[in-house]
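A.B. asks: Before I ask anything, here is the structure I am working with.
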Amino acid sequence: MWRVAPRPGPRTLPWRGVVAAVALGAGLVAAAPRLEARPAGGKLAVATEHEVASREALRVLEAGGNAVDAAVTAALVAGVVSPSSSGLGGGGFALAWSAERATPTLLDFRETAPAGVVPAEFEARPFEGPRRGRYVGVPGEARGLHELHRRLGKRPWGELVAPAVRVARTGFAVSRHLAGAIAGTRALADDPALSRTFLAGGKPAAVGQLVKNEPLAATLERLAAEGPTALTEGAAAAEIEATVRGAGGTLTAAELAAYQVVERQPLLVRWQGYDVYTMPPPSAGGMTLAQALGMLEPGELRRLGGSSGAYQHLLAEVLRGALADRMRYLGDPDHVEVDLGELLSPARLAARRRKIALDRTHGIPRFGLEEHGTHHLITADARGNVVSLTTTVNRAFGARLATPTGGVVLNDELDDFTAAADVRPFDLKESPNRARAGARPVSSMTPTIVLRDGKPVLAIGGSGGPTITTNVTQLVLARLVFGTAPAALVAGRRFYVPTRGAYLWLEKGAPPELIADLEARGEIVGEMPFTTSAVQAIAFEGGRAVPASDPRKGGSALAR
């Protein structure tokens with residue numbers, strides 16, 4: 001473990017295999033904030049983006065499973081009932097806290113670029129119609145969930161997969177979020193497997209309509225019996241290869257078989273008496289959160305007030321700087337050197353903070369970040385184990401491809417690579433996040449667990465592409481600095497720092513006086529054009545786990 005502290009000059013540290021313990025706010029450790037009245041909670045808690053996923057995960061906990069078991073079930077069920085967001089054809093990150101070992105485990109099962117990827121082609125995106133298979137990365141979800149269970153699970157693997165089999169076979173009611181995704185994704189009609197399931201009779205499935213997915217049920221059944229090889233070997237792997245190649249992609253069955261889950265060391269930020277464990281590269285989320293914590297002091301934030309224009313402007317400026325660092329420096333740490341020590345050094349952050357004023361705004365160059373289809377979930381058990389897990393197929397329904405007999409929706413994760421044109425404003429000829437064989441594209445996913453005195457006090461994460469990072473950062477501060485109650489935390493108004501056009505987006509209905517205040521500080525304010533970003537959280541208060549699920553996607557928080 002190493003610390004970032006003031007030092008005479010920069011030094012370069014390879015990121016892979018290193019635990020980062022970043023000491024921030026030294027000498028400013030404050031007492032825990034006074035919390036609002038405690039809402040209902042329990043010893044067992046789940047927060048996901050879908051009622052069925054939460055219900056099945058809670059059943060696993062009630063049957064004696066631990067937080068990892070519940071997370072595995074929740075993720076697999078989510079892939080059935082929220083297929084526009086996640087599933088076996090995607091990947092993600094899982095951060096688990098083991099109370100018994102008093103240590104975190106972080107698994108990266110993000111998709112990788114096939115060996116046949118042609119970098120130059122990604123400079124001329126988009127890939128439409130018969131070429132959309134070029135977006136598909138080697139999926140890691142099945143291996144990632146299985147590896148998480150192998151290391152820390154308790155109940156038999158097959159028992160955890162069974163609920164997803166049942167839901168796919170007997171059917172589920174289409175949620176409002178899924179109905180919107182189906183209606184808004186025209187390319188579904190171009191794929192026989194997707195249209196058969198979600199466009200029966202040529203009409204998009206409506207809210208409340210019962211949908212069954214027998215092909216996916218059969219795949220999950222094999223997954224329960226055989227483990228990940230049910231997808232990475234044999235007929236299923238051959239079908240995935242054929243589906244991708246039929247749409248112009250290069251993924252092979254051999255690459256499915258060779259895919260490896262990577263264990264990474266979490267980024268640990270020590271701030272104001274809290275230990276904040278979050279996601280390192282290939283995610284940009286943890287770096288952004290760490291920079292915000294390193295540049296902001298609770299006393300100043302409380303003086304400004306969490307709903308003031310001054311507070312939102314200050315935080316937006318911090319986030320804009322982090323976005324610029326993402327573009328300049330971040331890539332897959334197994335392919336490029338990522339010097340988090342320098343990016344998070346107190347001297348560097350202090351120098352940047354001195355450039356931020358409450359009466360002026362810095363713009364950021366235009367660049368594209370296009371993640372959208374993601375699902376976050378959190379589980380906690382009676383022993384104090386916690387899992388914060390984000391899973392994704394990237395945009396809605398990924399590459400808009402599904403295997404004909406397996407029902408597996410395939411990701412379009414390679415669209416997260418950055419084109420050279422997008423980094424030229426940063427005086428770069430090519431992006432550290434450029435397309436290349438075997439690389440994992442940079443993500444915004446930010447699974448985070450916060451401890452105080454060795455015990456979890458908050459687990460949080462979100463969905464919604466680049467809004468994940470800004471949302472999680474806002475809500476971590478709202479909880480740790482202002483003690484906002486869990487339900488209010490996830491439901492409250494948020495802002496977003498867009499990468500083009502306006503400097504700041506506010507959710508619909510923002511007070512006119514807030515807009516006027518922000519504009520007086522140099523912000524160009526716009527209205528947030530989407531409402532599908534969501535945050536899930538579990539707060540721990542008085543021996544109880546209090547879950548909260550974001551109403552924006554109709555999520556579900558359950559506790560017993």
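A.B. asks: Show the residue pairs meeting these rules: Cβ distance below 8 Å; 6+ apart or different chains; first residue within segment 277-292 and in contact (Cβ under 8 Å) with a residue 60 or more places away in the chain and under 23 Å from S98 (Cα atoms); second residue assigned to a strand (DSSP E or B) and basic (K, R).
C.D. replies: Sorted first by the residue in segment 277-292, then by its partner, the pairs are P280/R264.
A.B. asks: Sticking with this structure for a sec: Just one of the numbered conditions (1) hydrophobic (A, V, I, L, M, F, W, C); (2) surrounded by fewer than 24 Cβ atoms within 10 Å (Cβ to Cβ); (3) at pLDDT 95 or above is not true of A120; which one?
C.D. replies: A120 satisfies all of (1) hydrophobic (A, V, I, L, M, F, W, C); (2) surrounded by fewer than 24 Cβ atoms within 10 Å (Cβ to Cβ); (3) at pLDDT 95 or above except (3).
A.B. asks: Follow-up. Any chance you could count how many residues in segment 198-210 are in a helix (DSSP H, G or I) and either within 16 Å of A396 (Cβ to Cβ) or touching a helix residue (DSSP H, G or I) at 6+ places or on another chain (Cβ under 7 Å) (or both)?
C.D. replies: Residues flagged as in a helix (DSSP H, G or I) and either within 16 Å of A396 (Cβ to Cβ) or touching a helix residue (DSSP H, G or I) at 6+ places or on another chain (Cβ under 7 Å) (or both) within segment 198-210 amount to 1.
A.B. asks: Same structure again: With a cut-off of at least 1 residues that are buried (at least 24 other Cβ atoms within 10 Å of the Cβ), charged (D, E, K, R) and in contact with a helix residue (DSSP H, G or I) (Cβ under 8 Å, 6 or more places away or on another chain), name the helices (runs of 4 or more DSSP H) lying wholly within segment 282-385.
C.D. replies: The qualifying helices (runs of 4 or more DSSP H) are 309-329.
A.B. asks: Within the group T470, T531, which residue is β-branched (V, I, T) and out of contact with any strand residue (DSSP E or B) (no Cβ under 8 Å at 6 or more places or on another chain)?
C.D. replies: Step by step, each of T470, T531 is checked, and only T531 is β-branched (V, I, T) and out of contact with any strand residue (DSSP E or B) (no Cβ under 8 Å at 6 or more places or on another chain).
A.B. asks: Now, a different point. If we scan segment 85-93, do we find a residue that is among the aromatic types (F, W, Y), touching a helix residue (DSSP H, G or I) at 6+ places or on another chain (Cβ under 8 Å) and buried (at least 24 other Cβ atoms within 10 Å of the Cβ)?
C.D. replies: No, the conditions are met nowhere in segment 85-93.
A.B. asks: In this structure, does Q272 turn out to be crowded, with 19+ Cβ neighbours inside 10 Å, closer than 30 Å to T103 by Cα and not hydroxyl-bearing (S, T, Y)?
C.D. replies: yes
Each row is one residue, and each column tells you yes or no for (1) crowded, with 20+ Cβ neighbours inside 10 Å; (2) assigned to a loop (DSSP other than H, G, I, E, B); (3) touching a residue at least 40 places away in the same chain (Cβ under 8 Å); (4) not acidic (D, E).
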| position | (1), (2), (3), (4) |
| --- | --- |
| A162 | no, no, yes, yes |
| R169 | no, no, yes, yes |
| A189 | no, no, no, yes |
| R196 | no, no, no, yes |
| A224 | no, no, yes, yes |
| R245 | no, no, yes, yes |
| G248 | no, yes, yes, yes |
| L268 | yes, no, yes, yes |
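A.B. asks: Are there helices (runs of 4 or more DSSP H) fully within segment 448-560 with at least 1 residues that are touching a Ser or Thr at 6+ places or on another chain (Cβ under 8 Å), surrounded by fewer than 23 Cβ atoms within 10 Å (Cβ to Cβ) and of a type in the set (V, I, T)? List them. Reasoning before the result, please.
C.D. replies: On the way: elements: 467-482, 486-491, 512-520.
Output list is empty.
A.B. asks: Of the residues that make up segment 513-527, is at least one of a type in the set (A, V, I, L, M, F, W, C), farther than 30 Å from L414 by Cα and touching a Pro at 6+ places or on another chain (Cβ under 8 Å)?
C.D. replies: no
So that you can scan it fast, the table gives a plain yes or no per residue for (1) at pLDDT 95 or above; (2) hydrophobic (A, V, I, L, M, F, W, C):
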site: L451; (1), (2): yes, yes
site: A459; (1), (2): yes, yes
site: T467; (1), (2): no, no
site: V472; (1), (2): yes, yes
site: L477; (1), (2): yes, yes
site: L480; (1), (2): yes, yes
site: T484; (1), (2): yes, no
site: A487; (1), (2): yes, yes
site: A491; (1), (2): yes, yes
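A.B. asks: From the list L24, L76, L44, L107, exactly one residue is more than 20 Å from the chain's Cα centre (by Cα) and at pLDDT 95 or above. Which is it?
C.D. replies: None of the others qualify; the one that does is L44.
A.B. asks: Any chance segment 411-424 includes a residue that's at positive phi and more than 16 Å from the chain's Cα centre (by Cα)?
C.D. replies: no
A.B. asks: Here are some residues: A200, A236. Which one is without any contact (Cβ under 8 Å) to a residue 12 or more places away in the chain and aliphatic (A, V, I, L, M)?
C.D. replies: Exactly one residue qualifies, and that residue is A200.
A.B. asks: Looking for something closer than 29 Å to I378 by Cα, in contact with a Ser or Thr (Cβ under 7 Å, 6 or more places away or on another chain) and at pLDDT 95 or above - is there at least one such residue anywhere in segment 295-317?
C.D. replies: no
A.B. asks: Now a separate question. R436 fails exactly one of the following numbered conditions: (1) of a type outside the set (A, V, I, L, M); (2) part of a helix (DSSP H, G or I); (3) surrounded by fewer than 24 Cβ atoms within 10 Å (Cβ to Cβ). What is the number of that condition?
C.D. replies: (2)
A.B. asks: What are the residue pairs meeting all of these: first residue in segment 40-66, first residue without any contact (Cβ under 8 Å) to a residue 24 or more places away in the chain, second residue assigned to a strand (DSSP E or B) and polar (S, T, N, Q), Cβ atoms under 6 Å, and 6 or more apart or on different chains?
C.D. replies: Partner pairs satisfying both residue conditions: none exist.
The values are calculated or read from the model by the stated rules, or taken from the named source; none is laboratory data. Computed from a prediction, not measured in an experiment: that's the story for all the values here. With ideal geometry, Cβ positions are generated from the backbone for all residues, glycine too; neighbour counts draw on all protein chains shown.
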